[in-house]
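Trainee: Once you've had a glance at the structure underneath, I'll fire off some questions.
The values are calculated or read from the model by the stated rules, or taken from the named source; none is laboratory data. Everything numeric here is computed off the predicted structure, so don't read it as measured data. Here Cβ is always computed from backbone atoms with ideal geometry, including for glycine, and neighbour counts include all displayed protein chains.
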Amino acid sequence: MTRFFVGKASEIPEGEKKIIEANGRSIGVYHVGDQFYAIRNTCPHQGAELCRGITTALITSTRPGVFEYEHEGEIVRCPWHQWEFDVKTGCMIVDPKMRTKSYEVTVERYNVSIEDNHLYVHL
Amino acid sequence: MEATEIKQREKRTKMKRSIIDVDIHHKTELEDIKPYLPRAYRDQIDLWGWRLPGSLWLNGGVKVGQMADSTPPDGSFPGSNLEFMRKQLLDPYNIEYGVLTGTEYFCQASPDADYAAALCSAINDFTCDHWLANESRLKGSVFIPKQDPLLSAKEIRRIGSHPDMVQVIVASGAEKPYGNRFYHPIYEACVEQDLPFTIHVLLEGLGINAPNTGAGYVSYYPEYRACRPQVMAAHLASFIYEGVFEKFPTLKVVLQEAGVFWLAPFLWKMDEDWKALRFQTPWVKKKPSEYFFSNVRVSSQPLEPTPNMEIFRQLMNAVNASETVMFCSDYPHWDFDSPLMAFPKLEDDLWERVFYQNAAELYGLPARKAQKEE
């Protein structure tokens with residue numbers, strides 16, 4: 001496994017993402033809560049740049065007309081057909097077998113200042 | 001030589017096995033149901049006639065849609081003579097059970113819901129008295145004034161517990177797609193009485209109902225028939241997208257007489273769109289096809305002939321026919337499907353599902369009384 005430098009943690013505020021190149025692969029790095037997640041920027045459906053889609057919540061419901069939001073910031077909707085994927089796992093919500101690759105992300109502390117923490121993805 | 005003999009023996013055995021026919025139209029002549037109406041309506045009919053909408057299109061056969069050889073010897077309307085129905089249909093085709101689906105749907109296109117309710121009650125009582133009481137092989141359908149779901153629910157609760165009533169029936173022509181919440185009191189009553197809800201093609205574009213296609217009215221009867229799946233498709237999508245099967249998980253819906261095989265690509269399309277647009281209707285928790293397979297059944301006639309057996313088998317698989325398709329003849333209508341000839345040869349297990357078990361399970365009908373196989 002090789003690690004690739006993403007940037008400083010402070011470059012990706014919570015709820016946002018950054019698309020990086022690592023070893024020739026385009027990868028989306030997401031900051032959700034106090035964690036970082038990385039998924040391949042390719043939709044397994046028809047090959048769109050998945051991470052350019054909207055980052056949003058999972059919408060569930062108990063009955064018609066009711067919309068409940070959960071897992072805020074953990075869902076990416078592909079820009080082309082709006083298939084929803086879990087940024088934590090790379091799995092499609094309604095069909096987990098349909099997935100894009102996910103990668104481990106680590107935060108390595110080189111300084112006491114949290115702004116200077118470095119992010120790495122591991123391929 | 002030996003193989004041929006076995007094949008022929010199998011064929012003979014199969015013809016001896018009884019079947020369930022889920023669409024038999026018994027005639028409920030208006031004059032015959034009139035005595036069952038309250039006096040006020042009988043008086044109105046005497047003064048002003050029946051005030052029911054009629055078809056705007058031609059039909060097939062004779063006497064508006066009937067097989068030319070189905071007129072009973074007494075000259076009565078096809079489907080109105082039980083003894084002749086026994087001779088022409090029930091006995092020769094070894095029908096263990098048949099579901100009667102009536103004829104007088106036109107009240108379901110009337111703007112007068114109370115009148116429609118009175119007519120439906122009259123039809124239901126007439127069917128109990130003159131058909132279900134006289135032939136234990138025949139089961140009944142509860143007609144409802146679908147214009148008014150509360151009156152419909154009342155009728156389902158009034159007559160639906162009759163042991164020989166096995167389903168609730170409406171025509172496909174409607175003011176709103178049938179999954180709409182407007183209709184939910186009907187499904188509450190269906191579930192309570194454990195009765196499937198059957199949508200039978202008819203009345204599209206008539207009376208108070210919506211035009212028979214989304215593009216407007218068609219001109220000709222074959223064109224009208226060709227477009228029936230469009231209306232049925234709207235009802236099916238409505239049941240799924242309005243969340244009816246989440247609200248009423250035990251409700252069963254039967255799609256009758258709009259064909260079978262168009263459902264395959266329609267289900268594929270709904271599944272694909274659901275993947276993309278799930279979050280717009282998050283109360284639809286499963287793939288649309290899963291709701292179809294668990295809650296919807298489809299009767300076979302008029303079965304679309306396929307260009308070859310390979311396509312036939314693939315389409316049968318695509319609609320999961322071994323669980324969803326139920327044979328019906330549509331007797332005595334002109335486009336009757338013969339129990340012996342309408343289907344190409346089916347594997348034995350599949351034949352048994354389509355010609356008996358799927359209907360027996362849906363309607364709670366018993367196993368065959370006598371096993372007539374050799």
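Trainee: Which of the residues that make up the stretch B:304-354 are within 22 Å of the chain's Cα centre (by Cα), of a type in the set (A, V, I, L, M) and in a loop (DSSP other than H, G, I, E, B)?
Mentor: B:V319, B:L340, B:M341, B:A342
Trainee: While we're on this one: Check off (1) within 10 Å of chain A (Cβ to nearest Cβ); (2) closer than 28 Å to B:I24 by Cα; (3) among the basic types (K, R) for B:K252 and give me the number that stays unchecked.
Mentor: For B:K252, the failing item is (1).
Trainee: Out of B:V319, B:V325, B:V354, I need the residue that is of a type in the set (V, I, T) and more than 30 Å from B:V64 (Cβ to Cβ). Which one?
Mentor: Values: B:V325 fails: more than 30 Å from B:V64 (Cβ to Cβ); B:V354 fails: more than 30 Å from B:V64 (Cβ to Cβ).
The conditions single out B:V319.
Trainee: Can you tell me which residues in the stretch A:49-67 are within 12 Å of chain B (Cβ to nearest Cβ) and either touching a Phe, Trp or Tyr at 6+ places or on another chain (Cβ under 6 Å) or part of a strand (DSSP E or B) (or both)?
Mentor: A:T56, A:A57, A:L58, A:I59, A:T60, A:S61, A:R63, A:P64
Trainee: Moving on to the next point. Does B:E257 satisfy being charged (D, E, K, R), in contact with a strand residue (DSSP E or B) (Cβ under 7 Å, 6 or more places away or on another chain) and under 29 Å from B:E310 (Cα atoms)?
Mentor: On the way: charged (D, E, K, R): yes; in contact with a strand residue (DSSP E or B) (Cβ under 7 Å, 6 or more places away or on another chain): yes; under 29 Å from B:E310 (Cα atoms): yes.
Criteria met by B:E257.
Trainee: I'd like to verify a number: residues in the stretch B:180-204 that are farther than 20 Å from B:G259 by Cβ, surrounded by 24 or more Cβ atoms within 10 Å (Cβ to Cβ) and in contact with a Ser or Thr (Cβ under 6 Å, 6 or more places away or on another chain), how many?
Mentor: 1
Trainee: Could you check the stretch B:254-284 and list, in sequence order, the residues that are in contact with a His (Cβ under 8 Å, 6 or more places away or on another chain) and either in a helix (DSSP H, G or I) or closer than 17 Å to B:N180 by Cβ (or both)?
Mentor: Narrowing the stretch B:254-284 to residues in contact with a His (Cβ under 8 Å, 6 or more places away or on another chain): B:255-257, B:275-276.
B:L255, B:K275, B:A276, listed by residue number.
Trainee: Considering B:T198, B:T250, which residue is within 27 Å of B:D335 (Cα to Cα), at pLDDT 95 or above and either among the hydrophobic types (A, V, I, L, M, F, W, C) or not in a helix (DSSP H, G or I) (or both)? Let's see the steps before the verdict.
Mentor: On the way: B:T250 fails: within 27 Å of B:D335 (Cα to Cα).
Going through B:T198, B:T250 in turn, the sole match is B:T198.
Trainee: Can you tell me which residue is nearest to B:V354 (Cα to Cα) among those in the stretch B:285-300 that are in contact with a strand residue (DSSP E or B) (Cβ under 9 Å, 6 or more places away or on another chain) and in a loop (DSSP other than H, G, I, E, B)?
Mentor: Result: B:S300.
Trainee: Would you confirm, using the coordinates I've provided, whether B:E272 is at pLDDT 95 or above, touching a Phe, Trp or Tyr at 6+ places or on another chain (Cβ under 9 Å) and within 12 Å of chain A (Cβ to nearest Cβ)?
Mentor: Values: at pLDDT 95 or above: yes; touching a Phe, Trp or Tyr at 6+ places or on another chain (Cβ under 9 Å): no; within 12 Å of chain A (Cβ to nearest Cβ): yes.
No: the conditions fail for B:E272.
Trainee: In contact (Cβ under 8 Å) with a residue 12 or more places away in the chain and within 14 Å of another protein chain (Cβ to nearest Cβ): does that describe B:F239? Break it down stepwise before answering.
Mentor: Working: in contact (Cβ under 8 Å) with a residue 12 or more places away in the chain: yes; within 14 Å of another protein chain (Cβ to nearest Cβ): yes.
Judged against the criteria, B:F239 is a match.
Trainee: Please go through the stretch A:81-93 and give me each residue that is part of a loop (DSSP other than H, G, I, E, B), within 11 Å of chain B (Cβ to nearest Cβ) and out of contact with any Gly (no Cβ under 8 Å at 6 or more places or on another chain), ordered by number.
Mentor: In the first step, residues of the stretch A:81-93 are kept if they are part of a loop (DSSP other than H, G, I, E, B); the result is A:81-83, A:87-90, A:93.
Narrowing further to those that are within 11 Å of chain B (Cβ to nearest Cβ): A:81-83, A:93.
Hits for the stretch A:81-93 are A:H81, A:W83, A:I93.
Trainee: Now, a different point. Examine the stretch A:108-122 for a residue that is modelled with pLDDT of 95 or more and surrounded by fewer than 16 Cβ atoms within 10 Å (Cβ to Cβ), and state whether such a residue exists.
Mentor: no
Trainee: For the stretch B:279-320, name all the residues that are of a type in the set (D, E, K, R) and surrounded by fewer than 20 Cβ atoms within 10 Å (Cβ to Cβ). Reasoning before the result, please.
Mentor: In the first step, residues of the stretch B:279-320 are kept if they are of a type in the set (D, E, K, R); the result is B:285-287, B:290, B:297, B:304, B:310, B:313.
Scanning the stretch B:279-320 gives B:K285, B:K286, B:K287, B:E290, B:E304, B:E310, B:R313.
Trainee: Name every residue in the stretch B:154-173 that is crowded, with 19+ Cβ neighbours inside 10 Å, assigned to a loop (DSSP other than H, G, I, E, B) and either more than 15 Å from the chain's Cα centre (by Cα) or within 14 Å of chain A (Cβ to nearest Cβ) (or both), in order of residue number.
Mentor: Let us first name the residues in the stretch B:154-173 that are crowded, with 19+ Cβ neighbours inside 10 Å, namely B:155-156, B:159-160, B:165-173.
Now restrict to residues that are assigned to a loop (DSSP other than H, G, I, E, B): B:160, B:172-173.
Across the stretch B:154-173, the qualifying residue is only B:G160.
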